[in-house]
Amino acid sequence: MAEILKVAMPKGRIYKKASALFRSAGWPIPMDVDDTRKLVIPLPEAGMEFILAKPVDVPTYVEYGVADIGIVGKDVLMEENKDVYELLDLQIARCRMSVIGLPDWTPGIRQRVATKYPNIASQYFREQGQQVEVVKLNGSIELAPLIGLADRIVDMVETGQTIKENGLVEMTTLFEITSRLIVNRVSYRMKNVEIQQLCDRLQQVILAEKTN
């Protein structure tokens, strides 16, 4: 009998795309699960259990083994730097990480950057040879240049509409972001058959969608 796979799923915009991908790969995930308020969802017909978590917490659940696998954006994976395996680029929830500021920005003596991603931002500016003070914020990052808290911000951009509406511009794209399938190191050995089957079926769907 196949073992149940515990899957850490991010709540929010990635979840619906991820669950649709799983359905396309042949797993019977009920549609009503997409709108549930439950945090742990047994899916015995699919041989899975979904654990719904904040996106930033998914790598932690996988690293500690309370989830065997998880789905997480590349941005979170790079920022959190957890001890997990990255198995597959799912090619969903595509966006980018960018440096953003006011159109008339010019470098000052003391530069300050606001972001939800202090590790990513610090590493990028170090590599550019720029000395900046990084300020961590948890929400409404676009506000920082408007009220003088920071000269620039580093944030995720999907359509760019929010930054345009606030009079900001993208200055530099750091990297492209998609959602990834990650796995706990021990689970990868103990449940290898189930995890490999999952990977293979998802890969087939991703390749098929790419060629259509």
Quick check: is even one residue across the stretch 31-45 at pLDDT below 90, touching a Gly at 6+ places or on another chain (Cβ under 9 Å) and not aliphatic (A, V, I, L, M)? no
When Lys82 is evaluated against the numbered criteria (1) within 18 Å of Lys191 (Cα to Cα); (2) crowded, with 16+ Cβ neighbours inside 10 Å; (3) in contact with a Pro (Cβ under 7 Å, 6 or more places away or on another chain); (4) of a type outside the set (Val, Ile, Thr), which criterion, by number, is the only one it fails? (1)
For the structure I just gave you, tell me whether Glu194 is exposed (fewer than 13 other Cβ atoms within 10 Å of the Cβ), out of contact with any helix residue (DSSP H, G or I) (no Cβ under 7 Å at 6 or more places or on another chain) and in contact (Cβ under 8 Å) with a residue 24 or more places away in the chain. no
Scan the stretch 7-29 and give yes if some residue there is aliphatic (A, V, I, L, M) and over 20 Å from Ser179 (Cα atoms), otherwise no. no
Pair list, Cβ under 6 Å, 6 or more apart: the stretch 142-166 residue in contact (Cβ under 8 Å) with a residue 40 or more places away in the chain and closer than 10 Å to Arg112 by Cα, other residue of a type in the set (Asp, Glu) and not in a loop (DSSP other than H, G, I, E, B): none
Of everything in the stretch 2-61, what is touching a residue at least 60 places away in the same chain (Cβ under 8 Å) and in a helix (DSSP H, G or I)? Give them in sequence order. Arg13, Ile14, Lys17, Ala18, Leu21, Phe22, Ser24, Val58, Pro59
Exactly one condition in (1) surrounded by fewer than 16 Cβ atoms within 10 Å (Cβ to Cβ); (2) on the phi < 0 side of the Ramachandran plot is not met by Tyr61; state its number. (1)
When the residues of the stretch 107-137 are narrowed to those that are part of a loop (DSSP other than H, G, I, E, B) and under 16 Å from Thr162 (Cβ atoms), which ends up farthest from the chain's Cα centre (by Cα)? Leu137
Looking only at the stretch 158-181, how many residues end up being closer than 13 Å to Gly101 by Cα and touching a helix residue (DSSP H, G or I) at 6+ places or on another chain (Cβ under 9 Å)? 6
In the set Val76, Val99, Val72, which member is touching a helix residue (DSSP H, G or I) at 6+ places or on another chain (Cβ under 9 Å), of a type in the set (A, V, I, L, M, F, W, C) and under 24 Å from Pro42 (Cβ atoms)? Val72
Within the stretch 28-54, the residues that are under 20 Å from Gln91 (Cβ atoms) and surrounded by fewer than 18 Cβ atoms within 10 Å (Cβ to Cβ) are Asp34
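The values are calculated or read from the model by the stated rules, or taken from the named source; none is laboratory data. Note that the structure is predicted; figures quoted are calculated from it, not measured. No Cβ is skipped: glycine too gets one built from the backbone with ideal geometry, and neighbour counts run over all protein chains shown.
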